[in-house]
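Below is one structure, written out as structure tokens, with a few remarks after it.
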Amino acid sequence: MEETEESNANKKCTTKTRSFRGRHQYQYQYQHQLLHYSNQYGFCNQNQNQNQYQSYYPALLPLPPQIPLHLALTPPIPQNHTFRTKTHLQKPSCKLNNTPLAASSETQVQNVTISPAPEGVQRPKSLPPKENNGRMVIGSRSPQALVAATRPDSGGVEGPVISLLANHFLVQFDSSQRIFHYNVEISPNPSKEIARMIKQKLVEENSAVLSGALPAYDGRKNLYSRVEFQNDRLEFYVSLPIPTCKPTLLNGEFSDLLEKHQQLKLFRINIKLVSKIDGKELSSYMSKEGDDWIPLPQDYLHALDVILRESPTENCIAVGRSLYSSSMGGIKAIGGGAVGLRGFFQSLRPTQQGLALNVDFSVTAFHESIEVIPYLQKRLDFLRDLSQRKTRGLIGEERKEVEKALKNIRIFVCHRETVQRYRVYGLTEEATENLWFADRDGKNLRLVTYFKDHYNYDIQFRNLPCLQISRSKPCYLPMELCMICEGQKFLGKLSDDQTARILKMGCQRPRERKAIIDEVMRGPVGPTSGTQGREFNLHVSREMTRLNGRILQPPKLKLGDGGHVRDLTPSRHDRQWNLLDSHVFEGTKIERWALISFGGTSDQKSHIPKFINQLTQRCEQLGIFLNKNTIIGPQFESTQVLNKVSLLESRLKKIQRAASNNLQLLICVMEKKHKGYADLKRIAETSIGVVSQCCLYPNLSKLTSQFLANLALKINAKVGGCTVALYNSLPSQIPRLLRPDEPVIFMGADVTHPHPLDDYSPSVAAVVGSMNWPAANKYVSRMRSQTHRQEIIQELGAMVWELLEDFYHEVNKLPHRIIFFRDGVSETQFYKVLQEELQAIRGACTRFPGYKPLITFAVVQKRHHTRLFPFDTDPSSTQNQCFDENIPPGTVVDTVITHPSEFDFYLCSHWGVKGTSRPTHYHVLWDENQFTSDELQKLIYNLCYTFVRCTKPVSLVPPAYYAHLAAYRGRLYLDRSEPTGYMRSASTFSRAAPPKATPLPKLSENVKNLMFYC
């Protein structure tokens, strides 16, 4: 039984010719091309919507006799209706390969008379209220309106200048050019591809009605034109000959009586003027003229974005703001039923230099378009030999894994000609050979017999379940007759091997990445490839933006007193330092510790004594005391113990008892990565109360000094030590604001969400806070689960209050200033997050009588697409060129490509070893401390040298980095519980609403205030 995704297929639509009173009447005809599958694989697009118009496979098996079947929305065909055929090459809709399509038919349909009818124009919405200081008012419903921080100066001045290129391309637009925004309603609701075809025919055949415009269309509701149409309201009818092959469902019963016709599907299009906009407000917004604040004119910016995306969208697969095409380097298999595809990201950004188009190279994974059986063989190891074992069934966990791999994937059938696509909602409970259904007469038919009788096909994999392709009806498809549609982004979690291959595809050195971006800007599928820019008087530069950055100098660092080297300034080009002849700043003393092993060969286990000996020696060299004798001899367990939570917990409790319930450290050695890692961490940190350090046997066979040092640094940090401190304290570096006797707390916050296919698991929020001053290098964490995919931190106030209490106990003072770094927030959420979370922070402070600290709230972004390239502007050189090296650590940019008026900057604090460095974007939304650009940039860059896990500056300010690690640890605590996302009965599949967030287990008091998460 089959159910298509065409949810509107049964809606009625009148086919009468409509006439309106207006200035003119027009008649039009449509000639449409009927696409067929070639003998090679064709494209099946990725859109989830209805009425697909695309290439399809030839029938692989004989079809049953055609039985006429009435289809709704089919317009009447006049008696003199004729069909004409011509041979031609049709541009394929394939986004992944260039398959030539077979000859198609042209259909001439009846004339339809059109005449527009006038209607009033909906006025643009009024602007938000303004403050007297002219800065942004956030949320007028708030009794205390918030205003966004503006740039305190014209940018920083510290550090030598470096010449750079940025992947921002200046867009020149005529601010007086009016753009007419129309709302488009198409009934029945088509896919984006069909909608674009409708728009294309509409424009071709109705130039006069549309005043000769070539409008830009987003494939949904929005149409933009440079000239006004003849009327504010227009209604059209368009018939497209879409080949259909539909099953009949009577009373929910299965009856696959098919009719294959070149059906004419009628669409009604209503176009209504929404607003008339121009670029004057956008020009004012970017020019910073006048004192009054004005909002970012999102409507005009969105219009320009649609205009510049129109041509690329016609030639590429759109995924979010990125577009992918096989013309940019082909398709590369990455294993596990996935392929990697190259593309580019594009987005318009208002900057200090004007409107800029940010274009970047992009790579992502798609599902491989192959038959379902071979796909499962590639995706799941236990089905590798499925084609040789056709009688194999699925047992226990295997069935869950198969359902997880296929759920929500779109497929189409290859036992008959059709363009319909179906979404997989699950698997049948019964195997294929045991499935029965009732026909129209109520007679029970066996599914395998039905396919033999109707298609002369013997189902081979009879012990496998069928695909369930309806959420609410028993609609079945045998796996072996289905294929994965092309152009579907791989939303599941990539394996380590897949991730490595994708990263390798996207790992280009700066010169190569720049060349790819330049080629996109000049190429046939890029943002400048179409005619829409000229239509709307837009000019996009094909040259990257030239600008100057500055290189901040590294801070002097302080090491432990016991070493020969007690202070150093990182002088290498990568700003890395080593700890040879040095001690960590604060080494810990670990008297009671134990080691447990899971799996491993006899030879691997024999390395354990050597490992213990060399680790204790390396710790001693670094100023960390690790007892040479474990509290109990090394415990060797089978890997199977990691699969059984109760058994694992009993083994860990046994070790804790041997240490008189006072174990400081547990080192766990595993044969390989194992999902039981999550259980081990949860049990150790919540039930047992001990910090743990895991490592793998393969690393023990090659005990390098670097490996042992990295392990020692992590152990030291988890038990309460720290690696390094700033030689010149923060108060001495920023004396205008910071004082030794006025402590400051640095906080970081992040929210981690479940993977895209998980529609029920809670999100996890984490907040960390520094617990010492002025060193500010030890951080305590607090974690909470919250509503599924909720970005605002719901219990932020409670977590901040707990951290302030802990700070008071450690420092004996409440912090005079709070510097809060918020990670994981997109630009569209900036002010919602600020409004709610700043209020939560203030609320936590009010719980301490009379306490009103000065707060700075900054958003930290790593997931952006701005890239900086070193640029040679030496006048003595014959040609300016881009170096094939990354920008040096400390490179900061706060002009030209930053926000026109708000306080933001790009800081690359790390050295990019592979690929092209991605600077971190810091955007200050609130600043009661009134930092200057130089002060805040220096503060953040110096903090990046204090990260406890390594001896080099990191790419992200440590509070945000630690918050990310803590949120990930909270996610691990929930990983092993897997409630079903669907509630099933014998014949229905209904979606379950996201449950109330499962609370995280409570941390043990022994580890609560340690950096166990790092």
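The values are calculated or read from the model by the stated rules, or taken from the named source; none is laboratory data. Note that the coordinates shown come from a computational prediction; the quantities given were computed from them, not determined experimentally. Note: ideal-geometry Cβ built from the backbone for every residue, glycine included; neighbour counts use all protein chains shown. Please note that ligands, DNA and RNA were not included when accessible areas were found on the heavy atoms of the full protein model with its side chains. Shrake-Rupley method; radii C 1.70, N 1.55, O 1.52, S 1.80 Å.
If the requirement is being out of contact with any Lys or Arg (no Cβ under 7 Å at 6 or more places or on another chain) and under 20 Å from Cys695 (Cα atoms), which of these qualifies: Leu652, Leu663, Leu580?
Values: Leu663 fails: out of contact with any Lys or Arg (no Cβ under 7 Å at 6 or more places or on another chain); Leu580 fails: under 20 Å from Cys695 (Cα atoms).
Just one listed residue meets the conditions, Leu652.
Looking only at region 488-541, how many residues end up being basic (Lys, Arg), under 16 Å from Phe361 (Cβ atoms) and part of a loop (DSSP other than H, G, I, E, B)?
To start, the set of residues in region 488-541 that are basic (Lys, Arg) comprises 489, 493, 501, 504, 509, 511, 513-514, 522, 534.
Among the residues that remain, those that are also under 16 Å from Phe361 (Cβ atoms) are: 504, 509, 511, 513-514, 522.
Narrowing further to those that are part of a loop (DSSP other than H, G, I, E, B): 509.
Qualifying residue count, region 488-541: 1.
Mind telling me which of the residues Val424, Val363 ends up being open to solvent by 20 Å² or more (accessible area, probe 1.4 Å), at pLDDT 95 or above and of a type in the set (A, V, I, L, M)? Break it down into steps so the answer makes sense when it comes.
Numbers: Val424 fails: open to solvent by 20 Å² or more (accessible area, probe 1.4 Å).
Only one candidate passes the filter, namely Val363.
Go through Leu580, Leu647 for me and flag whichever is at pLDDT below 95 and surrounded by fewer than 16 Cβ atoms within 10 Å (Cβ to Cβ).
Leu580
Got a number for residues in region 445-487 being closer than 30 Å to Ser322 by Cα and assigned to a helix (DSSP H, G or I)?
Matching residues across region 445-487 total 0.
Given the criterion of a type outside the set (Phe, Trp, Tyr), on the phi > 0 side of the Ramachandran plot and surrounded by 15 or more Cβ atoms within 10 Å (Cβ to Cβ), identify the matching residue among Gly526, Gly600.
Working: Gly526 fails: on the phi > 0 side of the Ramachandran plot.
Criteria check complete, one pass: Gly600.
So which of Glu429, Glu401, Glu433 ends up being assigned to a helix (DSSP H, G or I) and touching a residue at least 24 places away in the same chain (Cβ under 8 Å)? Even if it seems obvious, please write down each step before you answer.
On the way: Glu429 fails: assigned to a helix (DSSP H, G or I); Glu401 fails: touching a residue at least 24 places away in the same chain (Cβ under 8 Å).
Criteria check complete, one pass: Glu433.
Being crowded, with 21+ Cβ neighbours inside 10 Å, outside any strand (DSSP E or B) and in the same structural domain as Ala775 (by the TED database): is that true of Ser732 here? Outline the logic, then answer.
On the way: crowded, with 21+ Cβ neighbours inside 10 Å: no; outside any strand (DSSP E or B): yes; in the same structural domain as Ala775 (by the TED database): yes.
Taking the combined requirement at face value, the residue does not satisfy it.
What number goes with the only condition from (1) within 24 Å of Asn629 (Cβ to Cβ); (2) in contact (Cβ under 8 Å) with a residue 24 or more places away in the chain that Arg575 does not pass?
Of (1) within 24 Å of Asn629 (Cβ to Cβ); (2) in contact (Cβ under 8 Å) with a residue 24 or more places away in the chain, only one is false for Arg575: (1).
In region 548-559, which residues are open to solvent by 10 Å² or more (accessible area, probe 1.4 Å) and assigned to a strand (DSSP E or B)?
Selection gives Asn548, Arg550, Ile551, Lys558.
If Val764 passes every condition in (1) within 30 Å of Leu579 (Cβ to Cβ); (2) open to solvent by less than 10 Å² (accessible area, probe 1.4 Å) but one, which one does it miss?
Single failed check for Val764: (1).
State which residue is surrounded by the most Cβ atoms within 10 Å (Cβ to Cβ) when the search covers only region 154-195 and only residues that are assigned to a helix (DSSP H, G or I) and not acidic (Asp, Glu). First the steps, then the outcome.
Within region 154-195, the first condition is being assigned to a helix (DSSP H, G or I), and the residues that meet it are 192-195.
Right, trim to not acidic (Asp, Glu) and you get 192, 194-195.
Values: Lys192: 18, Ile194: 25, Ala195: 23.
Among them, the one singled out is Ile194.
What residue, among those in region 674-708 that are more than 19 Å from Glu649 (Cβ to Cβ), open to solvent by less than 30 Å² (accessible area, probe 1.4 Å) and modelled with pLDDT of 95 or more, is farthest from the chain's Cα centre (by Cα)?
Checking each candidate, the answer is Leu708.
Can you pull out the residues in region 666-687 that are of a type in the set (A, V, I, L, M) and under 23 Å from Gly633 (Cα atoms)?
We begin by selecting, within region 666-687, every residue of a type in the set (A, V, I, L, M); these are 666-667, 669-670, 678, 680, 683-684.
Listed by number, the residues that qualify are Leu666, Ile667, Val669, Met670, Leu680, Ile683, Ala684.
Have a look at Leu615, Leu626, Leu648, Leu622 and point out the one that is within 30 Å of Leu974 (Cα to Cα) and either not acidic (Asp, Glu) or not assigned by the TED database to the domain that holds Ala712 (or both). Spell out how you get there, then give the answer.
On the way: Leu615 fails: within 30 Å of Leu974 (Cα to Cα); Leu626 fails: within 30 Å of Leu974 (Cα to Cα); Leu622 fails: within 30 Å of Leu974 (Cα to Cα).
Answer to the check: Leu648.
Looking only at region 915-933, decide whether some residue is modelled with pLDDT under 95 and open to solvent by 10 Å² or more (accessible area, probe 1.4 Å).
no
Quick one: would you say Val525 is among the β-branched types (Val, Ile, Thr) and touching a strand residue (DSSP E or B) at 6+ places or on another chain (Cβ under 7 Å)? Quick ask: steps written out before the conclusion?
Values: among the β-branched types (Val, Ile, Thr): yes; touching a strand residue (DSSP E or B) at 6+ places or on another chain (Cβ under 7 Å): no.
It is false that Val525 is among the β-branched types (Val, Ile, Thr) and touching a strand residue (DSSP E or B) at 6+ places or on another chain (Cβ under 7 Å).
With the requirement that a residue be under 19 Å from Thr946 (Cα atoms) and surrounded by fewer than 21 Cβ atoms within 10 Å (Cβ to Cβ), what does region 889-914 give you?
Matches in region 889-914: Trp911, Gly912.
Output the number of residues of region 186-214 satisfying the condition of being β-branched (Val, Ile, Thr) and farther than 17 Å from Lys272 by Cα.
Just the residues of region 186-214 that are β-branched (Val, Ile, Thr), to begin with: 186, 194, 198, 203, 209.
From what's left, farther than 17 Å from Lys272 by Cα: 194.
Total satisfying the criteria: 1.
Name the pairs whose Cβ atoms lie under 7 Å apart, with the first residue in region 929-947 and outside any loop (DSSP other than H, G, I, E, B), the second surrounded by fewer than 23 Cβ atoms within 10 Å (Cβ to Cβ) and acidic (Asp, Glu), and 6 or more positions between them or separate chains?
Between residues of region 929-947 that are outside any loop (DSSP other than H, G, I, E, B) and residues that are surrounded by fewer than 23 Cβ atoms within 10 Å (Cβ to Cβ) and acidic (Asp, Glu), the close pairs are Ser933/Asp153; Asp934/Glu158; Lys938/Glu158.
Identify, by number, the condition in (1) open to solvent by 60 Å² or more (accessible area, probe 1.4 Å); (2) within 18 Å of Leu1010 (Cα to Cα); (3) of a type in the set (Lys, Arg) that Lys714 doesn't meet.
(1)
Please enumerate the residues belonging to region 308-334 that are open to solvent by 30 Å² or more (accessible area, probe 1.4 Å) and more than 28 Å from Leu355 (Cα to Cα).
Ser327, Gly329, Ile331, Lys332, Ala333
Which residue, of Val764, Val751, is outside the structural domain of Ile612 (by the TED database), under 25 Å from Asn643 (Cα atoms) and not in a loop (DSSP other than H, G, I, E, B)?
On the way: Val751 fails: under 25 Å from Asn643 (Cα atoms).
The match here is Val764.
From the list Val954, Val892, Val924, Val913, pick out the single residue that is under 28 Å from Asn710 (Cα atoms) and touching a helix residue (DSSP H, G or I) at 6+ places or on another chain (Cβ under 9 Å).
Values: Val892 fails: under 28 Å from Asn710 (Cα atoms); Val924 fails: under 28 Å from Asn710 (Cα atoms); Val913 fails: touching a helix residue (DSSP H, G or I) at 6+ places or on another chain (Cβ under 9 Å).
Being under 28 Å from Asn710 (Cα atoms) and touching a helix residue (DSSP H, G or I) at 6+ places or on another chain (Cβ under 9 Å) holds for just one of Val954, Val892, Val924, Val913, which is Val954.
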